[in-house]
1. Give me a count of the residues in segment 68-85 that are out of contact with any helix residue (DSSP H, G or I) (no Cβ under 6 Å at 6 or more places or on another chain) and at pLDDT 95 or above.
2. Evaluate the following for ALA124: is it in a helix (DSSP H, G or I) and exposed (fewer than 15 other Cβ atoms within 10 Å of the Cβ)?
3. Out of ASP127, ASP146, I need the residue that is without any contact (Cβ under 8 Å) to a residue 12 or more places away in the chain and not β-branched (Val, Ile, Thr). Which one?
4. When the residues of segment 29-67 are filtered to those that are in a helix (DSSP H, G or I), at pLDDT below 95 and out of contact with any helix residue (DSSP H, G or I) (no Cβ under 8 Å at 6 or more places or on another chain), which remaining residue is surrounded by the most Cβ atoms within 10 Å (Cβ to Cβ)?
5. Can you confirm whether segment 105-126 contains a residue that is under 15 Å from the mean Cα position of the chain (by Cα), at pLDDT 95 or above and among the basic types (Lys, Arg)?
Amino acid sequence: MTPRYFLLAALIAAPVAGWAQAPPAMKAPFEAMRTNTGKISNAAEKERWDANVALWQMRLARAGKPEAVNVATMRASLDAMKTNVARISGGAEKERWQANCDLWQIVLAAPDRIAKPDRDRMRATLDVIKANVARITVPAERERWDANHQLWILSLRLM
């Protein structure tokens, strides 16, 4: 296991220390996504979802406490996700993951304050994800993406 993936695994396995600050409405979708991600058997898909869960875990742990954000660690998780997504050949899966990466890119560009034009871009990207997720037929995958979409919607409301 490379150090980068060891870090991601440690972040996912660790308890969510920031639940005291995270909005209560975000706990259920995060836990559903995290639990569901643990059941993925495809290595490439698991790698993407592990990185996404790690990003959400760090994002939620810093809710209400920007100085606690480790943006460098979050960028490393995003880079791992983007590298993996670049290997997806195309289609709806690639569209979903690229949109998700775009959202994380916006958040990490200004982790303390998202400008209105960026929030508008995020809303448009979330519309793409919502339409895409509506076409997913595999229940477990749909559950993960629904939870991820819900986290983004709730997060956007707080920005």
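1. The total comes to 2.
2. Yes.
3. The match here is ASP127.
4. PRO66
5. For segment 105-126, residues under 15 Å from the mean Cα position of the chain (by Cα), at pLDDT 95 or above and among the basic types (Lys, Arg): absent.
The values are calculated or read from the model by the stated rules, or taken from the named source; none is laboratory data. For clarity, every value in this text was computed on a predicted model and none was experimentally measured. Please note: Cβ atoms are built from the backbone with ideal geometry, for glycine as well, and neighbour counts cover all protein chains shown.
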